[in-house]
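Novice: Dumping the structure here so I can ask a few things about it.
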Amino acid sequence: MKTNFNLSKWVRTNVLNLKAYSSARDEFSDPRAEMTFLDANENPFDNGINRYPDPQQKVLKAALASLKGVDPQQILLGNGSDEVLDLIFRVFCEPNQDEVITLPPTYGMYSVLANTNAVANIEVPLTENFQPNVSAILKKVTPKTKALFLCSPNNPSGNSFDADVLQALISQFPGIVVVDEAYIDFSSQQSLLTNLNDFPNLIVTQTFSKAYGMAGIRLGACYASIDIIALLNRIKPPYNINVLTQQRALEGLANQRHIQAQVETLLQERNRIQKALESVSIVEKIFPSDANFILAKVDDAALRYQQLIEKEIVTRNRSNQLLCNQCLRFTVGTPEENDHLIEALNILSC
């Protein structure tokens, strides 16, 4: 439990004073078909997409809130998680003045968004077993430090951060703590959504791109206190989630049995790939994974990456990341795709 957190202290002054744009669909949102809508300068000829989408995605948020056990007012949806993360920077970080802390190796967009928003990115490396160094992180905090970005399960390492470490950081870090849970559906660790009401400085982000198999619709979700979500809503584009994305997301949420079956298959396949890698001579180390991918150190990452390309298999060479020298990242594919990968690796090991 975190008490005495003054949210307004961490928000940019111009955002606190900002009056949000009010769209036509914000001012009148009753979707009844018998209404004649002459308010938004839309093309009136019905083709299924001639009307603006609901700017607050109320139906989709209601379904998501029911599934996640949160209040709909605790949800912000973005055009991918990247838009959500960018909005967080723009609400809390003053350009050319404030700082954030990130923990490499981690998701590269944190650094890109920091640079885009002219915010200093203070990097505190993970430990050798890819865990946050709590004391080192807290020592880097200054009056300019506004946010801490944590990716758990982490990309590219694949592991989840220890629950007690996460709790310590959320409790002790004075500013906003963003926990990116893009891969949480593949983890045995519980989501921090259950802690939202205990920590007013906590923001949790998730995505439809991984377990839900909807990377193509670009939909990310942000969960936080009602007050934080209200601030993010002030600056989000009015119609950032289009009609087709909302429709496909609702279909996915309504088909939980299918989604869960795919997740279970991917977890089984992840275990199968890991066991196969253990007997591949070119693999020197396999890192524990709580995600839908496996990071492995090989003898020569550049060579093996190219050899796999020649066998029509695309992996990711993560050697340019801290602590990931000579490492390839293998996304878990379908059983047939994984057969192809295992066969190719065995051939390369001969």
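The values are calculated or read from the model by the stated rules, or taken from the named source; none is laboratory data. Model, not experiment: these values are computed from the prediction. FYI the Cβ positions are ideal-geometry reconstructions off the backbone, even for glycines, and counts take in every protein chain you see.
Novice: Could you grab me the full set of residues in region 28-52 that are within 25 Å of LEU87 (Cα to Cα) and surrounded by 13 or more Cβ atoms within 10 Å (Cβ to Cβ)?
Specialist: Within region 28-52, TYR52 is the sole residue that qualifies.
Novice: Find the residue count for region 1-27, including only residues that are loosely packed, with under 12 Cβ neighbours inside 10 Å and over 30 Å from the mean Cα position of the chain (by Cα). Give the steps one after another, and end with the answer.
Specialist: Our first condition is that a residue be loosely packed, with under 12 Cβ neighbours inside 10 Å; within region 1-27, this holds for 1, 3-4, 6, 8-9, 13-14, 17, 19, 22, 27.
From what's left, over 30 Å from the mean Cα position of the chain (by Cα): 27.
Qualifying residue count, region 1-27: 1.
Novice: Go through region 210-238 and give me each residue that's under 16 Å from ALA254 (Cα atoms) and surrounded by fewer than 20 Cβ atoms within 10 Å (Cβ to Cβ).
Specialist: GLY213, MET214
Novice: Mind checking which residues of region 1-45 are at pLDDT 95 or above, assigned to a loop (DSSP other than H, G, I, E, B) and either touching a Gly at 6+ places or on another chain (Cβ under 7 Å) or among the charged types (D, E, K, R) (or both)?
Specialist: ARG12, GLU42
Novice: Shifting gears a bit: Kindly provide the set of residues from region 263-278 that are within 23 Å of the chain's Cα centre (by Cα), crowded, with 17+ Cβ neighbours inside 10 Å and not aliphatic (A, V, I, L, M), ordered by number.
Specialist: GLU269, ARG270
Novice: If we scan region 299-318, do we find a residue that is under 28 Å from the mean Cα position of the chain (by Cα), closer than 18 Å to GLU264 by Cα and not assigned by TED's automatic domain parsing to the domain that holds ASP185?
Specialist: No, because not a single residue in region 299-318 is under 28 Å from the mean Cα position of the chain (by Cα), closer than 18 Å to GLU264 by Cα and not assigned by TED's automatic domain parsing to the domain that holds ASP185.
Novice: Restrict the check to region 280-296 and report whether at least one residue is free of Cβ contacts under 8 Å to residues at least 40 places away in the same chain and either assigned to a loop (DSSP other than H, G, I, E, B) or of a type in the set (Ser, Thr, Tyr) (or both). Write out each step before concluding.
Specialist: Taking region 280-296 first, the residues free of Cβ contacts under 8 Å to residues at least 40 places away in the same chain are 285-286, 296.
Retained after the next criterion (residues that are either assigned to a loop (DSSP other than H, G, I, E, B) or of a type in the set (Ser, Thr, Tyr) (or both)): none.
Checked region 280-296: no residue is free of Cβ contacts under 8 Å to residues at least 40 places away in the same chain and either assigned to a loop (DSSP other than H, G, I, E, B) or of a type in the set (Ser, Thr, Tyr) (or both).
Novice: To continue, here is another question. Within the set of pairs 6 or more residues apart or between chains, which connect a residue that is in the same structural domain as LYS285 (by TED's automatic domain parsing) and in a strand (DSSP E or B) inside region 320-338 to a residue that is aliphatic (A, V, I, L, M) and modelled with pLDDT of 95 or more with Cβ atoms less than 6 Å apart?
Specialist: CYS327/LEU295; LEU328/ALA296; LEU328/VAL298; LEU328/ALA301; ARG329/LEU295; PHE330/ILE294
Novice: Regarding ILE241, is this residue part of a helix (DSSP H, G or I), in contact with a helix residue (DSSP H, G or I) (Cβ under 8 Å, 6 or more places away or on another chain) and within 17 Å of LEU64 (Cβ to Cβ)? Even if it seems obvious, please write down each step before you answer.
Specialist: Numbers: part of a helix (DSSP H, G or I): no; in contact with a helix residue (DSSP H, G or I) (Cβ under 8 Å, 6 or more places away or on another chain): yes; within 17 Å of LEU64 (Cβ to Cβ): yes.
No: the conditions fail for ILE241.
Novice: Just to be sure before I move on: is SER225 modelled with pLDDT of 95 or more, under 15 Å from ILE75 (Cα atoms) and hydroxyl-bearing (Ser, Thr, Tyr) in the structure I sent? Spell out the reasoning first.
Specialist: On the way: modelled with pLDDT of 95 or more: yes; under 15 Å from ILE75 (Cα atoms): yes; hydroxyl-bearing (Ser, Thr, Tyr): yes.
The answer is yes for SER225.
Novice: Turning to a different aspect of this structure: Could you grab me the full set of residues in region 194-209 that are out of contact with any Cys (no Cβ under 6 Å at 6 or more places or on another chain), within 22 Å of ASN255 (Cα to Cα) and surrounded by 19 or more Cβ atoms within 10 Å (Cβ to Cβ)?
Specialist: GLN206, THR207, PHE208
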